[in-house]
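Peer 1: Below: one structure in C-alpha cells.
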Amino acid sequence: MTNIFKHIAIIMDGNGRWAQKRGLPRLQGHRQGVETLRNILEESGDLGIEFLTVYAFSTENWNRPSLEVQGLMSLLKIYLKNELKTLHKKGVCVRFIGERDKLAPDVMKLITQAEELTKDNKVLTFIVACSYGARQEIVQAVKEIAQEVLADKLNVDQITPETISSHLYTKDFPDPDLLIRTSGEQRTSNFLLWQSSYSELYFTPTLWPDFSREEFRNIVQEVQGRERRHGLISEQVKGL
C-alpha cells in the first residue's frame, strides 16, 4: 500500500473498560494494551510510516488512584526493559515528550537509556507522550518565547506560528497527518492540540486491547482517500 502519511498519532483508549467488561483488574487491560502496541508498531514499520506518536500517560492521569498510577509506571519500566533491544534492532528511534520532572528517577533513567541507545536509528521514530498535556506544552512554549522577548533576543512582531512550533516538545517532528482514537470517545483530550490543527481525525469504537493490525491498516487506507485541503479549495489542491 502506498502510504502518504509520515506521522500517525494514536490515543490508546479503552484499556480499563476492556478489563472491566471481563471482570478483570484495570491494570490487566493496560497489560493487554502493551501487546496491541507491539503489533501496531510492527504494522507501522510495514506500512512505511516514519513517525508514530502514542498517548501513553497524560498530565491528568496523575490524578488517578495511586495504585493504578504505580502500576502504569511499572508497566512502562517493564516495557522499556523487555522491548528496547528489539526496537533498537529493528531501527526504531525512541523519543519521549512530556513533563519529565514529574517522573520518578528510575523511570527517567530508563527513558534516557532508551533515547541514547536508539538516537541514530532511522526506520521509525516512536514518540511516547508520557506525563504529557498539550495545554501545558503550549504554556511552556509561550513562557520560553516571552523570556526571549524580555532578553531582547526576539521582537514581538517576529513571533509566528513557526516560532511557537519551534518551542514545543515536538519541534523535531512533523505534525501528525492522522490522529486515531480508540474506544468510541470523540475528543482529543489535551493531546497534540497545536500539532493536530490540520490532522485527519478517526474515531473507532474498538477498545485499544482489541485494536488489530488489520483495523489499523484499513483506517490508514480509508483516510488516504480523503481530500486534504488545508484551507484551500479542491481545484487548488488538484493543481498542486
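Peer 1: Taking the condition at positive phi, hydroxyl-bearing (Ser, Thr, Tyr) and modelled with pLDDT of 95 or more, does Ser183 pass?
Peer 2: When the stated conditions are applied, Ser183 passes them.
Peer 1: Now for a different question. If you take the residues of the stretch 1-15 that are of a type outside the set (Phe, Trp, Tyr) and modelled with pLDDT under 95, which of them is least open to solvent (accessible area, probe 1.4 Å)?
Peer 2: Once the filter is applied, the top-ranked residue is Asn3.
Peer 1: I need every pair where a residue in the stretch 12-32 that is without any contact (Cβ under 8 Å) to a residue 60 or more places away in the chain has its Cβ under 6 Å from the Cβ of a residue that is of a type in the set (A, V, I, L, M, F, W, C), sequence separation at least 6 or different chains.
Peer 2: Going by the 6 Å Cβ cut-off, the qualifying pairs are Arg26/Ala19; Gln28/Ala19; His30/Leu75.
Peer 1: Okay, next question. Filter the stretch 78-101 down to the residues that are in a helix (DSSP H, G or I) and under 18 Å from the mean Cα position of the chain (by Cα) and list them by number.
Peer 2: Hits for the stretch 78-101 are Tyr79, Leu80, Glu83, Leu84, Leu87, Arg100.
Peer 1: Same structure again: Looking at Thr188, is it touching a Lys or Arg at 6+ places or on another chain (Cβ under 8 Å), under 19 Å from Val220 (Cα atoms) and open to solvent by less than 10 Å² (accessible area, probe 1.4 Å)?
Peer 2: So Thr188 does not fit the description; no.
Peer 1: For the stretch 77-92, give me each residue that is closer than 15 Å to Glu42 by Cβ and open to solvent by less than 90 Å² (accessible area, probe 1.4 Å).
Peer 2: Of everything in the stretch 77-92, those that are closer than 15 Å to Glu42 by Cβ and open to solvent by less than 90 Å² (accessible area, probe 1.4 Å) turn out to be Tyr79, Glu83, Thr86, Leu87, His88, Gly91, Val92.
Peer 1: Find all pairs meeting these conditions: Cβ atoms under 9 angstrom apart; at least six residues apart or on different chains; first residue within the stretch 73-92 and closer than 17 Å to Thr36 by Cβ; second residue among the aromatic types (Phe, Trp, Tyr) and crowded, with 17+ Cβ neighbours inside 10 Å.
Peer 2: Matching pairs, first to second residue: Leu76/Phe57; Leu87/Phe126; Val92/Phe126.
Peer 1: Hey, among the residues in the stretch 144-170 that are in a loop (DSSP other than H, G, I, E, B) and polar (S, T, N, Q), which one's most open to solvent (accessible area, probe 1.4 Å)? Steps first, answer last, please.
Peer 2: Just the residues of the stretch 144-170 that are in a loop (DSSP other than H, G, I, E, B), to begin with: 151-155, 159-160, 166-170.
Cutting the leftovers down to polar (S, T, N, Q) gives us 155, 160, 166, 170.
On the way: Asn155: 81, Thr160: 53, Ser166: 58, Thr170: 16 Å².
Only one residue tops the list, namely Asn155.
Yes/no per residue for (1) open to solvent by less than 20 Å² (accessible area, probe 1.4 Å); (2) within 20 Å of Ser189 (Cβ to Cβ); (3) free of Cβ contacts under 8 Å to residues at least 12 places away in the same chain:
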{"position": "Ser58", "(1), (2), (3)": "yes, yes, no"}
{"position": "Ser66", "(1), (2), (3)": "no, no, yes"}
{"position": "Glu115", "(1), (2), (3)": "no, no, no"}
{"position": "Asp120", "(1), (2), (3)": "no, no, no"}
{"position": "Leu124", "(1), (2), (3)": "yes, no, no"}
{"position": "Ala129", "(1), (2), (3)": "yes, yes, no"}
{"position": "Val142", "(1), (2), (3)": "no, no, no"}
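Peer 1: Right, another one. Could you tell me whether Glu50 is open to solvent by 30 Å² or more (accessible area, probe 1.4 Å), within 26 Å of Gln195 (Cα to Cα) and touching a strand residue (DSSP E or B) at 6+ places or on another chain (Cβ under 7 Å)?
Peer 2: For Glu50, the condition - open to solvent by 30 Å² or more (accessible area, probe 1.4 Å), within 26 Å of Gln195 (Cα to Cα) and touching a strand residue (DSSP E or B) at 6+ places or on another chain (Cβ under 7 Å) - is met.
Peer 1: Listed residues Leu103, Leu37, Leu72, Leu24; which is buried (at least 16 other Cβ atoms within 10 Å of the Cβ) and either in contact with a Ser or Thr (Cβ under 6 Å, 6 or more places away or on another chain) or over 22 Å from Thr188 (Cα atoms) (or both)? Quick ask: steps written out before the conclusion?
Peer 2: Numbers: Leu37 fails: either in contact with a Ser or Thr (Cβ under 6 Å, 6 or more places away or on another chain) or over 22 Å from Thr188 (Cα atoms) (or both); Leu72 fails: either in contact with a Ser or Thr (Cβ under 6 Å, 6 or more places away or on another chain) or over 22 Å from Thr188 (Cα atoms) (or both); Leu24 fails: buried (at least 16 other Cβ atoms within 10 Å of the Cβ).
Checking each option against the conditions leaves just Leu103.
Peer 1: For the stretch 15-32, what are the residues that are over 22 Å from Leu80 (Cα atoms) and either in a loop (DSSP other than H, G, I, E, B) or among the polar types (S, T, N, Q) (or both)?
Peer 2: Gln20, Arg22, Gly23, Leu24, Pro25
Peer 1: Output the number of residues of the stretch 116-143 satisfying the condition of being among the aliphatic types (A, V, I, L, M), in a strand (DSSP E or B) and out of contact with any helix residue (DSSP H, G or I) (no Cβ under 7 Å at 6 or more places or on another chain).
Peer 2: Looking only at the stretch 116-143, we keep the residues that are among the aliphatic types (A, V, I, L, M), and these are 117, 123-124, 127-129, 134, 138-139, 141-142.
If we keep only those that are in a strand (DSSP E or B) as well, we get 124, 127-129.
Now drop any that are not out of contact with any helix residue (DSSP H, G or I) (no Cβ under 7 Å at 6 or more places or on another chain), which leaves 127-129.
Summing the residues that are among the aliphatic types (A, V, I, L, M), in a strand (DSSP E or B) and out of contact with any helix residue (DSSP H, G or I) (no Cβ under 7 Å at 6 or more places or on another chain) in the stretch 116-143 gives 3.
The values are calculated or read from the model by the stated rules, or taken from the named source; none is laboratory data. Please read these numbers as outputs of a predicted model, since none were measured by experiment. Note that we place each Cβ from the backbone using ideal geometry, even for glycine, and neighbour counts take in every protein chain shown. These accessible areas exclude ligands, DNA and RNA; they are computed on the full protein's heavy atoms, side chains included. Shrake-Rupley method; radii C 1.70, N 1.55, O 1.52, S 1.80 Å.
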